[in-house]
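The values are calculated or read from the model by the stated rules, or taken from the named source; none is laboratory data. Since the model is a prediction, treat every value here as computed from it, not as a measurement. Glycine gets a Cβ as well: all are built from the backbone with ideal geometry, and neighbour counts include every protein chain shown.
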Amino acid sequence: MLQLPPLALYIHIPWCVKKCPYCDFNSHGQQGALPEAEYIAALLRDLEQDLPLVWGRPVSSIFFGGGTPSLFSAQSIGAIIDGVAARLRLRPGLEVTLETNPGTAEYDRFEAYRRAGVNRISFGVQSFDDGCLARLGRIHDSTQAEWAVKQAQDAGFDNINLDLMYALPQQDLPMAERDVERALALQPTHISHYQLTLEPNTLFHARPPAGIPEDDLAWDMQEHCQAQLAAAGFDQYEVSAYAREGRQSQHNLNYWQFGDYLGIGAGAHGKLTLPAEQAIRRRWKRKHPAAYLDTAGRPESLGGDELIAIERLGFEFMLNALRLNNGFEIAQFEARTGLPWSALAEPMEHAVSRDWLLLEQGRVRCTELGARFLNDVLDLFLPSE
């Protein structure tokens, strides 16, 4: 039987100063003044439309993603948080994360964001090499990145994530290591360290930049940087996430543990467990900001709404849970999919026999080999057509 997992709230703010050539998120370059008041009203109408799906359930984390949510004033972010709190139960002390571009950071805003209820900042640094930043199309340089982090710390934030990318155009191994070294010098509590990928529908995919490192070099960067982070006391708890003790991203952990989340905002996705129907629903909102603003709170605002097919539930769970270094408990799989463990007997047998997965004391996790070939592991759990 399906059991209700924790519930998180994702809030999408789709505007940014300039679209980066590698970005495949629903983001749109800013043109003129942002319609902050109109968008806040649309978000709250959107939330009210979804409320019947989550009556009485407490929210365990809130995440403002984008785009660049820090383009919105602290007053606007506070109004959104207050509007959410008036409509949903919020767990005491819940994690509230705001994604921030170092190129849009201001000291007085950090203090105001903290007063508004934000208690975790995630900086999209990507690199501390000015040449790499220019080739990525970022609007900030390394000096601005370091200044922004220090300003947030001075304003009282003690839970800070830095996003770093590796295998960047014209990057070599020492450059990747220096990025990690400079990130560690800023004493963040969390680092997301992930490889640049050329995603479809991006400028980089259409016109790949020169000097993308070969796979062997990218693997060396990953291994060396992992060793640096481990030596500095950062535990790798997910494929690309490293944290000091007790500072894992609670919001992202909920995703990886196949928890539930409401998604409000242009293009936002949600996943909700419906015990009465013994089903799991995914729904998402229209992507373009203008269309979203026109329809928010009405059925026309939905870009899609569907139940996950039973035969795909095992794959959907594994797609998330196998990213975690500690894996998952069999009991958690059964509670969050409503399936018996025997539903995965055949692919599990293949994965264990190939030394890709380890099953011991009711817990499943990837081996070192399985982590390296995670996509091949996941292919085993795809339902046959």
Only one of (1) more than 26 Å from residue 249 (Cα to Cα); (2) in a helix (DSSP H, G or I); (3) touching a Ser or Thr at 6+ places or on another chain (Cβ under 9 Å); (4) free of Cβ contacts under 8 Å to residues at least 40 places away in the same chain is not met by residue 300, so which one is it?
-> (3)
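Hey, can you tell me all the residues within segment 1-27 that are more than 25 Å from residue 281 (Cα to Cα) and not aromatic (Phe, Trp, Tyr)? Please lay out each step first, then the result.
The first filter runs over segment 1-27 and keeps only residues more than 25 Å from residue 281 (Cα to Cα), leaving 15-23.
Those that are more than 25 Å from residue 281 (Cα to Cα) and not aromatic (Phe, Trp, Tyr): 16, 17, 18, 19, 20, 21, 23.
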Would you point out the residue of segment 287-345, among those that are farther than 20 Å from residue 359 by Cα and among the polar types (S, T, N, Q), that is farthest from the chain's Cα centre (by Cα)?
-> 295
Inspect segment 261-270 for any residue being over 14 Å from residue 302 (Cα atoms), outside the structural domain of residue 50 (by TED's automatic domain parsing) and under 20 Å from the mean Cα position of the chain (by Cα) and give the result as yes or no.
-> yes
Would you mention how many residues in segment 78-102 are without any contact (Cβ under 8 Å) to a residue 24 or more places away in the chain and in a strand (DSSP E or B)?
-> 2
Index of the failed condition, residue 283 passing every other in (1) buried (at least 23 other Cβ atoms within 10 Å of the Cβ); (2) outside any loop (DSSP other than H, G, I, E, B) | (1)
The residue that is farthest from residue 223 (Cα to Cα), considering only those in segment 236-252 that are touching a residue at least 60 places away in the same chain (Cβ under 8 Å) and not polar (S, T, N, Q), is 251
2 or more residues in contact with a Ser or Thr (Cβ under 6 Å, 6 or more places away or on another chain) and surrounded by 14 or more Cβ atoms within 10 Å (Cβ to Cβ): qualifying helices (runs of 4 or more DSSP H) within segment 308-375 = 310-321
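Mind listing whichever residues of segment 61-86 are of a type outside the set (Gly, Ala, Ser) and buried (at least 22 other Cβ atoms within 10 Å of the Cβ)? Let's see the steps before the verdict.
First, pick out the residues of segment 61-86 that are of a type outside the set (Gly, Ala, Ser): 62-64, 68-69, 71-72, 75, 77, 80-82, 84.
Passing the criteria: 62, 63, 64, 68, 69, 72, 77, 80.
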Taking only segment 331-357 into account, find how many residues are β-branched (Val, Ile, Thr) and in contact with a strand residue (DSSP E or B) (Cβ under 7 Å, 6 or more places away or on another chain).
-> 1
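Give segment 10-69 a look and list any residue that's in a loop (DSSP other than H, G, I, E, B), within 21 Å of the chain's Cα centre (by Cα) and not hydrophobic (A, V, I, L, M, F, W, C), or say none.
Of segment 10-69, the ones in a loop (DSSP other than H, G, I, E, B) are 14, 17-27, 30-35, 54-57, 67-68.
Narrowing further to those that are within 21 Å of the chain's Cα centre (by Cα): 14, 17-27, 67-68.
Matches in segment 10-69: 14, 18, 19, 21, 22, 24, 26, 27, 67, 68.
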Within segment 347-373, track down each residue that is within 21 Å of residue 383 (Cβ to Cβ), among the aliphatic types (A, V, I, L, M) and touching a Cys at 6+ places or on another chain (Cβ under 8 Å).
-> 357
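Scan segment 151-198 residue by residue and report those that are among the charged types (D, E, K, R), surrounded by fewer than 21 Cβ atoms within 10 Å (Cβ to Cβ), closer than 16 Å to residue 124 by Cβ and more than 16 Å from the chain's Cα centre (by Cα). I'd like the intermediate steps shown before the answer.
Step one: list which residues in segment 151-198 are among the charged types (D, E, K, R), which gives 154, 158, 163, 172, 177-179, 181-182.
Now narrow it down to the ones that are surrounded by fewer than 21 Cβ atoms within 10 Å (Cβ to Cβ): 154, 158, 163, 172, 177-178, 181-182.
Okay, now just the ones that are also closer than 16 Å to residue 124 by Cβ, so 163, 182.
Of everything in segment 151-198, just one residue is among the charged types (D, E, K, R), surrounded by fewer than 21 Cβ atoms within 10 Å (Cβ to Cβ), closer than 16 Å to residue 124 by Cβ and more than 16 Å from the chain's Cα centre (by Cα), namely 182.
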Pick out the one residue from 14, 21 that is outside the structural domain of residue 333 (by TED's automatic domain parsing) and modelled with pLDDT of 95 or more.
-> 14
Can you find a residue in segment 267-275 that is farther than 16 Å from residue 326 by Cβ and modelled with pLDDT under 95?
-> yes
